[in-house]
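Notes for the one structure printed next.
All of the numbers you see were taken from the coordinates with simple rules; none came from a lab. Every value quoted in this text rests on a predicted model; they were computed, and no experiment measured them. Neighbour counts are summed over all protein chains in view; Cβ atoms, including those assigned to glycine, are modelled from backbone coordinates with ideal geometry.
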Amino acid sequence: MSPRPLKIVVSFASSAGVAPTADGADAAPARVPARRGRKPKVAADAGGAAPRRGDDAGAGAPAATGVVVVKVPAKRGRPPKVRPDVVVPTRAAATEQAEPKAKRGRKPKPVAAPSSGDVGVQAPRPRGRPRKVKAAEAVATASEISDAVDPISAAQSIAPLTLCIDIGGTGLKALVIDNAGHAVTERVRVETPRPATTDAILRALLQLVAPIGAFDRISVGFPGVVHNGVTKTAPNLDVSWQGFALGDELQELLGKPTRVLNDAGVQGFGVIEGQGLEMVLTLGTGMGCALFIDGRYVPNLELAHHPFRKGKTYEEFLGAKALEKVGKKEWNKRLKKALDQIDPIWNPRLIYLGGGNAKNVRIELPQHVKLVSNVAGLLGGIALWRM
Ligand code: BGC
């Protein structure tokens, strides 16, 4: 196919919180995302990022189908009930993981601090015998997980601003947060284009972030193994991601320094306490796993592809395809079996269950297993700049 000229439709999110929807085939980013080995030609104009230099988009990659701003309006009246075993990542959590700093009247949490060197000495699990929550409560708990964010105004924000991107097998999400972990924009989302090639995803990302406003740096959560900004595997995307210099490409395209980490790792930075061994399991298109020791990330633990039962891997048993195939009841039974196996092998002090399908969890959870919001996948992005 010969390249055809494409134009980008850039409009800005209204105060009502609705971002523009891309205009089908005409709505493509301003440049062709560079292929491996080629230098990008034109950078996107993402609200103060590098200027766009023209329209030379190539053919082939499908345009993103639309942009949706996910925002649940705050309820009036009584504050929402949040059970103690639901971890809803807060601005403070993300900030404290990233950059413990003194707060008025409060000692900073000892999180993400360098290990003391006391290898093998670990903070205990939450006290008391593991308390099982009743099934009915677990349902309520899962339904309380909200991906809403409540942005502050840009004028109130503290520089630098980080554009946090979460590349998922089903959705691409983005949000700008300030240096104190406050969301400065709403969370925007677009379906992951299929086939999920490097070109198609970069195009969709440029389109997604074009109206998002100014930012100073970029953090990306990627669903596969990442070494120094280069993606090595991407089981739920396209083979073109093997050996793709994603960090460099985005930096070139958006004109801002970029860091990339495995998505479960980013999610973890948004929720961990920074004490002892903490494990994050994400239940989405794939199954993510991240380990943290005293707040330090152990990179690229790919438990998802380890054999679990009957010759199948954890991901084959618990990924989105499996959920769709066997239904919630059976999927929950599988999740329980998986937790029963993982827990006594790794003995983490805390296990966090996140990802888009955490909302489908219906099993009884021991006290040290917590459900977390998917927004953590974005808020953790700030920590990448403290590593
Ligand atoms: C990948 C992991 C990723 C997980 C969740 C798995 O298929 O191997 O690296 O964290 O999916 O996206």
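What ranking of R334, R125, R194 emerges when the number of other C-beta atoms within 10 Å of each C-beta is taken as an exposure proxy, fewest first?
Result, fewest neighbours first: R194, R125, R334.
What FRET efficiency comes out for the pair A148/E191, r = Cβ-Cβ distance, R0 = 30 Å, nearest 0.05?
With a Förster radius of 30 Å, E is 0.95.
So, in nm, how far is label K328 from label V239 when the simple model puts each one 7 Å beyond its Cα toward the Cβ?
3.8
At q = 0.13, 0.14, 0.22 Å⁻¹, what is the base-10 log of I(q)/I(0) for region 258-387 according to the Debye formula with one equal point scatterer per Cα and no solvent? Please give it to two decimals.
So the normalised log intensities are -0.48, -0.56, -1.37.
Starting from the 7 Å offset along Cα-to-Cβ, what nm value, one decimal, do you get for the label separation of M387 and W346?
Going by the 7 Å Cα→Cβ label model, 1.6 nm.
Would you tally the net charge around P307, using a Cβ to Cβ cut-off of less than 15 Å, leaving P307 out, and scoring K and R as +1, D and E as -1?
+2
Which residues in region 182-215 have a backbone N closer than 16 Å to a point placed 7 Å from the Cα of Q156 along the Cα-to-Cβ line?
182-187
Would you list W331, W346 from fewest to most Cβ contacts within 10 Å?
W346, W331
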